[in-house]
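*Asks:* Got a structure for you, written out below as structure tokens; questions coming shortly.
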Amino acid sequence: MEIKVDEEAGIIGARRIKEETVPLLDDRNRNRDFPDIERNTMMQKAIGKTFQTTANLANLLPTGTVLAFQILSPICTNVGQCDLASRVMTALLVSICGFSCFILSFTDSYKDLNGNVCYGFATIHGFWIIDGSATLPQERSKSYKLRFIDFVHAIMSFLVFGAVVLFDQNAVKCFFPEPSAEVAELLTTLPVAVGVFCSMVFATFPTTRHGIGFPLSAK
């Protein structure tokens, strides 16, 4: 029996519609292996919120600075086997990277009408563009003015970087080759305490700046 062209096209179209309406992967089947999380108490909700915020602390540090430290740390520390020269180089590396995290917290950026990103420093008078290629209007510049919360964020960024250093075993072995039980316990708990404290501060007073090494603003 011959099928006319119009009927054949109708059959193929119906099959396509049926295939499109059937999902490739059922959400219920995809998520059935994951249990539902029920946080009923205030303590459970607080712990869950703390862990989520702590996981995002790396986004509050200049990515280039952290990457440079992670790359140079094994070289400067000789993979944890430090002599006097290695210890001095490691101390200089930690100091420079820590200062970078602190000072870059005062930088900000904006996009001009052509989509070009301009970086600058927040000052008490407004916004100073680093390369001097443009000047913001006075009213717009005042919105970038230095505030007290910027110093808080800078100190928190410095502390978070310190926690990153304490998580680096090469740096720890360099400065504490044979720590006592009390020092080892302090080196273990201090980064966690700093992370929890800084996460609460950043969650309570979030930063609005998008400076050098930080994610760009969507605007």
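*Asks:* Could you sort the peptides 203-210, 70-77, 178-185 by per-residue average Cβ neighbour count (10 Å cutoff), highest mean leading?
*Replies:* By packing density, highest mean first, the sequence is 70-77, 203-210, 178-185.
*Asks:* Next question. Please list Ile96, Ile149 in order of solvent-accessible area, largest first, computed with a 1.4 Å probe with all protein chains present.
*Replies:* Of Ile96, Ile149, the descending order of accessible area is Ile96, Ile149.
*Asks:* Determine the share of the stretch 103-218's accessible area contributed by carbon and sulfur atoms, expressed in whole percent, with a 1.4 angstrom probe.
*Replies:* Numbers: 4540 of 6870 Å².
Looking at the stretch 103-218 in its full context, I get 66 percent from C and S.
*Asks:* Which whole-number value in Å² is the accessible area per residue of the stretch 130-193, probe 1.4 Å?
*Replies:* Numbers: 4080 Å² over 64 residues.
With all protein chains present, the stretch 130-193 gives 64 Å² per residue.
*Asks:* Note down the relative contact order for the stretch 108-195 as a percent, whole number, built from C-alpha pairs under 8 angstrom at least six residues apart. Walk me through the numbers on the way to the answer.
*Replies:* Numbers: 69 pairs, mean separation 16.3, N = 88.
RCO, the stretch 108-195: 19 percent.
*Asks:* At a probe radius of 1.4 Å, what is the per-residue accessible area of Arg147, in Å² to the nearest 10?
*Replies:* Accessible area of Arg147: about 100 Å².
*Asks:* Enumerate the calculated ³J(HN,Hα) couplings along the stretch 201-209 in order (Karplus 6.51 cos²θ - 1.76 cosθ + 1.60, θ = phi - 60°), each rounded to whole Hz, writing x wherever the residue is Gly or Pro.
*Replies:* Those phi angles translate into 5, 5, 6, 7, 10, x, 7, 10, 8 Hz.
*Asks:* Let me ask something else about it. For the stretch 149-219, state which chymotrypsin sites (Phe, Trp or Tyr not before Pro) are in a DSSP loop and have at most 11 other beta carbons lying within 10 Å of their beta carbon.
*Replies:* Nothing satisfies the criteria.
*Asks:* Considering amide H positions built from the backbone, and no H for Pro or chain starts, which residues 5 or more places from Tyr110, or on another chain, come under 5 Å of its amide H?
*Replies:* Residues meeting the criterion, in which the H sits 1.01 Å from N, are Cys118.
*Asks:* Whole number please: convex hull volume per residue of the Cα set in the stretch 138-206, in Å³? Let's see the in-between values first.
*Replies:* Details: hull volume 6.9 nm³, N = 69.
Enclosed volume per residue, from the Cα hull, is 100 Å³.
*Asks:* Under 5 Å between amide hydrogens, which residues at least 5 positions from Gly126 or on another chain qualify, with H placed 1.01 Å from N in the peptide plane?
*Replies:* HN-HN under 5 Å from Gly126: Leu146.
The values are calculated or read from the model by the stated rules, or taken from the named source; none is laboratory data. Please read these numbers as outputs of a predicted model, since none were measured by experiment. Cβ coordinates were reconstructed from backbone atoms using ideal geometry, including for glycine residues, and neighbour counts include every protein chain displayed. Heavy atoms of the whole protein, side chains included, go into the accessibility calculation; ligands, DNA and RNA do not. Shrake-Rupley method; radii C 1.70, N 1.55, O 1.52, S 1.80 Å.
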